[in-house]
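Chemist: Before I ask anything, let me first share the structure, which is written out below as structure tokens.
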Amino acid sequence: MLGLGAGAWLPAVFHIFTHAFFKACLFLGAGSISHSASHHSFDMKKDMGGLRKVMPITFTTWIISTLALCGVFPFSGFFSKDEIIDNVGNNGYQMFMIIGLIGAFMTAAYMTRATYLTFFGEPRGASAGEHHDEHATAHDSHDSHDSHDAHDDHASDHADHGPHESGWRITLPLVLLAVLALSSGLLNATPFGEKWERIKTWVEPSAEVVMETAPGGPGHSNVLSVPAAGEEGHHDSPCGSETPEEGVCYAPQLVHAKFKWSKAMLSLGIVFLGIALSWMVSTMLYSRKDKRFVGLTERNGVLRAGYNLLINKYYLDAFYEKVIVKAIAGPIAAAAYWFNQNVLDGILHAVAAVSRVFSGWVYRNIDQRVVDGTVNNSGKATKGAGGVLAPVQSGKVSQYGALLFSAAAVAALVLVIINS
Amino acid sequence: MEMLRDHNWMLSVGTFLPLLGVLLLLVVPKANEQLIKKVALLTSIATVAVGVWTLFRFDFGNAGTMQFVDEKTWIPLIKSSYYIGLDGISLPLYFLSMVITLLVVIYSLDHIPSPGNPKAFFSLMLVLQTGMAGTFIAQDLILFFVFFELVLLPMYFMIGVWGGENRQYASLKFFLYTMFGSALMLVAFLALFFKTGAESFAIPYLVENGGALAKNVQVWIFAGMFIGFAVKVPMFPFHTWLPDAHTQAPTQGSVILAAILLKLGTYGFVRIAIPVLPEAAKAWAPYIGALAVIGIIYGALGCLAQTDMKRLIAFSSVAHMGFVMLGISTLTSFGMTAAMFGMVAHGLITGMLFFVAGSVKERYHTLEIARLGGILKQMPHLGWILGFSCMASLGLPGLAGFWGEFPAILSAYSPAAGLNETAFRVYMVIAALGTVLAAAYLLWLFQRVAFGEPKPEFAGDGHGHDDHAFHDVNKFEWFAWTPLLIAILVFGVVPNLMFKVLDPAVQVVLTGFKG
């Protein structure tokens, strides 16, 4: 996203591509552990640890993908991620480049911690043989498709129940993904020169020259001005590799940062710093139980607040669920419905009530007294005259209808007169 | 205007065939229910057959041209004639009305609502069909009005006789509300007639001459039509008859109401109000658009507040027709085509939802959402059909609902020249938010009634006391529903089947805006 936002489209798309392999490999690795070692738990602190010995394939693929995710040379993430950071800076977004480097540092740190907790140290919880009730049955099904178990490596009384490598149905995809995580970066290996940049030729827009000037509206594209290519840019023309002679160039300007090992070394250094620091802290915290670190979040108020904020995912879920969803589905929806039932229908019912009162009044005072009175006095046939107004109060739908029709005719006449 | 007059008997036969069925039903003794059902079924099958024949005969290359045109003297005194025709806008709705009636008849073979009397029930349904089909082919305002009103009576009786507990109130409200709208619409028709020289009620004639009227005259005449059509659609704030009528109506009535009757209003805008009065349409469009998006949000909020499944589905129509009206109010061919598509899609999907609601009610004897649950466990087929319909209704890409909703929203980005672009872009954003609410109320409904375990009061497997309590979808239901489910999927995957028919006709409707 950073790459897209800062105009580094090519590395952004490329990163999505490489990311697919190593992140998929990591997820599958996590699944492999949960399936075969930790009894369907994903709790690294509680149920894992020391798994590198019993799950060598999962471990190896995990490490490859982790290094790819961190952007370590020569894994795929290096070629894509480093390019994003480099290009972001090159396009004039120094601030974002620094943030990107901080992000790379933190990625290295949290992945190292996760790796440490999962694969190093002593087995804990389910991985140490503590098992849930359903394990006995679950394990039978595991065994049936396990081609190579790692039970022998696990010197424990719980050999039958203990963690073991997953079957080939899990490890084969892991290996394939790991190979891709390792190699897919070479498809656009900028450091090795332009002929290695294959993805680039597929992804980059080719300039389209349109002779007439297009009017505004949807689909109208502007020539995007990204800071001009300097001496470091691959292309100097505003239209990428194809410069139109005349007309409008409908391709955004593309500028690529020129790869330099000095810049790559900076980010690699940061990544290794992250790995090293995280490893140190993890060892002190989880292995040696250093008193200075253990329980720090409980002792220090600032750190506790930070920890709570993180553990609650910045409270965003709570905000969405407790505030937005609850308000809309609760009081706001109820208020709208109340409005519907009481205000809108209330108006309707009021109109109906007034009409009934009015028609009753017409019946008593006009129909019965005036019309009937006149008719009775004159002694003439009353049906015609009575028929005009009697239906008004009858409550029969068809007669309301007739009334409306006649009202419509009168109103039409009025409208015609007004407008002529 | 160019017209095709071949096979001009076809529309009249298709429209009045149901009335022939009614005549036959009249001579069948009331007690002979089997024969009554047969007559009704055969009549509606024959009607659909004529409809299919019409589809074959329809020149799809000329979808913008009126076809099968027939013009006969009718009431020369008021210069009204029996003038009918069919183009790409009318065709889908005309055919849909036939199919829906057939499916409703099939469903009714096994589901005559209390208090029974299939003879009257089927007769009313067939009369209703004539009214609906006639409205979509009428090319004369008086003829249109007659058919438009003809629809009211059978529906009034359907709700009033076969409806739920509060049927008296609902049916009267439905009738009076629509009547109120019709009265103003008639005023507008008459005014239009007189102002264009009292020459003719023919729609093509009025399209040619209506545009020449002064703008303020147009605006007033449009106002009358607006009320008439807006009540029928229904648009906020004229919609309050709808939740009552839909909820109280028997399942068959709800299906027809949602699938066809609501479209009479939107069709009226597209066929009459907008092409005849282009200047007024431009003046009114921003207000119509505003009411449309209010309806989208308001309808969705109403849905979220409901505790009754059927009433929730009814309220969702307010929101969905809001999308349709938003598309129409852009006055662009893109928006209107989307709206027309949305009308058919809503007919298929909401019709389907009402069918499911009816079958849920039949089995559980309640539609109280809080009392339902675990339908997927007790009746997996019914549960999945409900889920499918909910997904379609919320506008999932790949199903028909999406192609009515999404292009309508998109069309608001660039309304017709002369309309306030900023206003419509604000509408676009609000409407897009409405889709989120639509997903919320439909998925929430589905989650509450279909997932989890059945509530204790319905938890029995039906073996103990009532063997038929929870049988899954039966064969009558499959027959009635399968065509709808298929159509929802097919139009979802290949929307161009309908777009290519609608678009040329919509272009013709909008010619008044290009000159």
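The values are calculated or read from the model by the stated rules, or taken from the named source; none is laboratory data. Because the structure is predicted, anything quoted here is derived from the model rather than measured. Note: ideal-geometry Cβ built from the backbone for every residue, glycine included; neighbour counts use all protein chains shown.
Chemist: What number of residues in segment B:175-225 are facing chain A (nearest Cβ under 8 Å) and in contact with an Asp or Glu (Cβ under 8 Å, 6 or more places away or on another chain)?
Modeler: Residues flagged as facing chain A (nearest Cβ under 8 Å) and in contact with an Asp or Glu (Cβ under 8 Å, 6 or more places away or on another chain) within segment B:175-225 amount to 1.
Chemist: Kindly list the number of the only condition in (1) out of contact with any helix residue (DSSP H, G or I) (no Cβ under 9 Å at 6 or more places or on another chain); (2) farther than 21 Å from A:Leu182 by Cα that fails for A:Gly100.
Modeler: It fails just one condition, (1).
Chemist: How about segment B:396-515: which helices (runs of 4 or more DSSP H) wholly inside it have at least 3 residues that are without any contact (Cβ under 8 Å) to a residue 12 or more places away in the chain and among the acidic types (Asp, Glu)?
Modeler: Hits in segment B:396-515: none.
Chemist: While we're looking at this one, here's another question. Of all residues in segment B:226-237, which are part of a helix (DSSP H, G or I) and within 12 Å of chain A (Cβ to nearest Cβ)?
Modeler: Going residue by residue through segment B:226-237, those that are part of a helix (DSSP H, G or I) are B:226-232.
Those that are part of a helix (DSSP H, G or I) and within 12 Å of chain A (Cβ to nearest Cβ): B:Ile227, B:Gly228, B:Val231.
Chemist: Scan segment B:345-384 for residues that are buried (at least 24 other Cβ atoms within 10 Å of the Cβ) and among the aliphatic types (A, V, I, L, M) and report the count.
Modeler: Of the residues in that region, 8 qualify.
Chemist: Separate question: Residue under question is B:Ser316, and the condition is that it be within 23 Å of B:Tyr441 (Cα to Cα), in contact with a helix residue (DSSP H, G or I) (Cβ under 9 Å, 6 or more places away or on another chain), away from every other protein chain (no Cβ under 14 Å) and among the small types (Gly, Ala, Ser); does it hold?
Modeler: On the way: within 23 Å of B:Tyr441 (Cα to Cα): yes; in contact with a helix residue (DSSP H, G or I) (Cβ under 9 Å, 6 or more places away or on another chain): yes; away from every other protein chain (no Cβ under 14 Å): no; among the small types (Gly, Ala, Ser): yes.
It is false that B:Ser316 is within 23 Å of B:Tyr441 (Cα to Cα), in contact with a helix residue (DSSP H, G or I) (Cβ under 9 Å, 6 or more places away or on another chain), away from every other protein chain (no Cβ under 14 Å) and among the small types (Gly, Ala, Ser).
Chemist: Here are B:Thr307, B:Thr266: which of them is away from every other protein chain (no Cβ under 14 Å), of a type in the set (Val, Ile, Thr) and touching a helix residue (DSSP H, G or I) at 6+ places or on another chain (Cβ under 7 Å)?
Modeler: When all the criteria are applied, what remains is B:Thr266.
Yes/no matrix, rows are residues, columns are (1) loosely packed, with under 11 Cβ neighbours inside 10 Å; (2) outside the structural domain of A:Thr115 (by TED's automatic domain parsing); (3) modelled with pLDDT of 75 or more:
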{"site": "A:Glu246", "(1), (2), (3)": "yes, yes, no"}
{"site": "A:Val271", "(1), (2), (3)": "no, no, yes"}
{"site": "A:Ser278", "(1), (2), (3)": "no, no, yes"}
{"site": "A:Ser282", "(1), (2), (3)": "no, no, yes"}
{"site": "A:Glu298", "(1), (2), (3)": "yes, yes, no"}
{"site": "A:Lys322", "(1), (2), (3)": "no, yes, yes"}
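Chemist: Looking at B:Glu149, is it in a helix (DSSP H, G or I), away from every other protein chain (no Cβ under 12 Å), surrounded by fewer than 19 Cβ atoms within 10 Å (Cβ to Cβ) and among the acidic types (Asp, Glu)?
Modeler: no
Chemist: For segment B:238-259, state whether one or more residues are farther than 20 Å from B:Leu348 by Cα, within 14 Å of chain A (Cβ to nearest Cβ) and touching a Leu at 6+ places or on another chain (Cβ under 7 Å).
Modeler: Within segment B:238-259, one or more residues are farther than 20 Å from B:Leu348 by Cα, within 14 Å of chain A (Cβ to nearest Cβ) and touching a Leu at 6+ places or on another chain (Cβ under 7 Å).
Chemist: Failed condition for B:Thr332, given (1) over 16 Å from B:Leu264 (Cα atoms); (2) touching a Gly at 6+ places or on another chain (Cβ under 7 Å), with all others met?
Modeler: Unmet for B:Thr332, out of (1) over 16 Å from B:Leu264 (Cα atoms); (2) touching a Gly at 6+ places or on another chain (Cβ under 7 Å): (2).
Chemist: Moving on to the next point. Out of everything in segment B:179-199 that is outside any helix (DSSP H, G or I) and closer than 12 Å to B:Leu213 by Cα, what residue ends up being modelled with the highest pLDDT?
Modeler: Filtering segment B:179-199 for residues that are outside any helix (DSSP H, G or I) and closer than 12 Å to B:Leu213 by Cα, the one modelled with the highest pLDDT comes out as B:Thr196.
Chemist: Considering (1) more than 14 Å from every other protein chain (Cβ to nearest Cβ); (2) surrounded by 20 or more Cβ atoms within 10 Å (Cβ to Cβ); (3) closer than 13 Å to B:Ala249 by Cα, say which one B:Ala138 fails and leave the rest.
Modeler: Of (1) more than 14 Å from every other protein chain (Cβ to nearest Cβ); (2) surrounded by 20 or more Cβ atoms within 10 Å (Cβ to Cβ); (3) closer than 13 Å to B:Ala249 by Cα, only one is false for B:Ala138: (3).
Yes/no matrix, rows are residues, columns are (1) in contact (Cβ under 8 Å) with a residue 40 or more places away in the chain; (2) buried (at least 20 other Cβ atoms within 10 Å of the Cβ):
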| site | (1), (2) |
| --- | --- |
| B:Glu33 | yes, no |
| B:Val39 | yes, yes |
| B:Leu77 | no, no |
| B:Ser80 | yes, yes |
| B:Leu86 | yes, yes |
| B:Phe95 | yes, yes |
| B:Leu109 | yes, no |
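Chemist: Can you find a residue that is among the aromatic types (Phe, Trp, Tyr), closer than 16 Å to B:Leu257 by Cβ, buried (at least 21 other Cβ atoms within 10 Å of the Cβ) and in contact (Cβ under 8 Å) with a residue 24 or more places away in the chain anywhere in segment B:158-165? Working first, answer last.
Modeler: Here is the first cut: in segment B:158-165, the ones among the aromatic types (Phe, Trp, Tyr) are B:162.
When the remaining residues are screened for being closer than 16 Å to B:Leu257 by Cβ, the result is B:162.
Next, from what is left, pick out any that are buried (at least 21 other Cβ atoms within 10 Å of the Cβ): B:162.
Add one more test, that the residue is in contact (Cβ under 8 Å) with a residue 24 or more places away in the chain, and what stays is B:162.
Yes, segment B:158-165 contains a residue that is among the aromatic types (Phe, Trp, Tyr), closer than 16 Å to B:Leu257 by Cβ, buried (at least 21 other Cβ atoms within 10 Å of the Cβ) and in contact (Cβ under 8 Å) with a residue 24 or more places away in the chain.
Chemist: Residue check: is B:Val318 buried (at least 24 other Cβ atoms within 10 Å of the Cβ), over 19 Å from the mean Cα position of the chain (by Cα) and at negative phi?
Modeler: Here the answer is no, as B:Val318 does not meet what is asked.
Chemist: Given the structure, is A:Lys45 over 21 Å from A:Thr190 (Cβ atoms), in contact (Cβ under 8 Å) with a residue 60 or more places away in the chain, of a type in the set (Lys, Arg) and surrounded by fewer than 24 Cβ atoms within 10 Å (Cβ to Cβ)?
Modeler: So A:Lys45 fits the description; yes.
Okay, residues lined up against (1) among the acidic types (Asp, Glu); (2) modelled with pLDDT under 70:
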{"residue": "A:Gly89", "(1), (2)": "no, no"}
{"residue": "A:Phe119", "(1), (2)": "no, no"}
{"residue": "A:Asp153", "(1), (2)": "yes, yes"}
{"residue": "A:Asp157", "(1), (2)": "yes, yes"}
{"residue": "A:Leu176", "(1), (2)": "no, no"}
{"residue": "A:Leu182", "(1), (2)": "no, no"}
{"residue": "A:Asn188", "(1), (2)": "no, no"}
{"residue": "A:Gly193", "(1), (2)": "no, yes"}
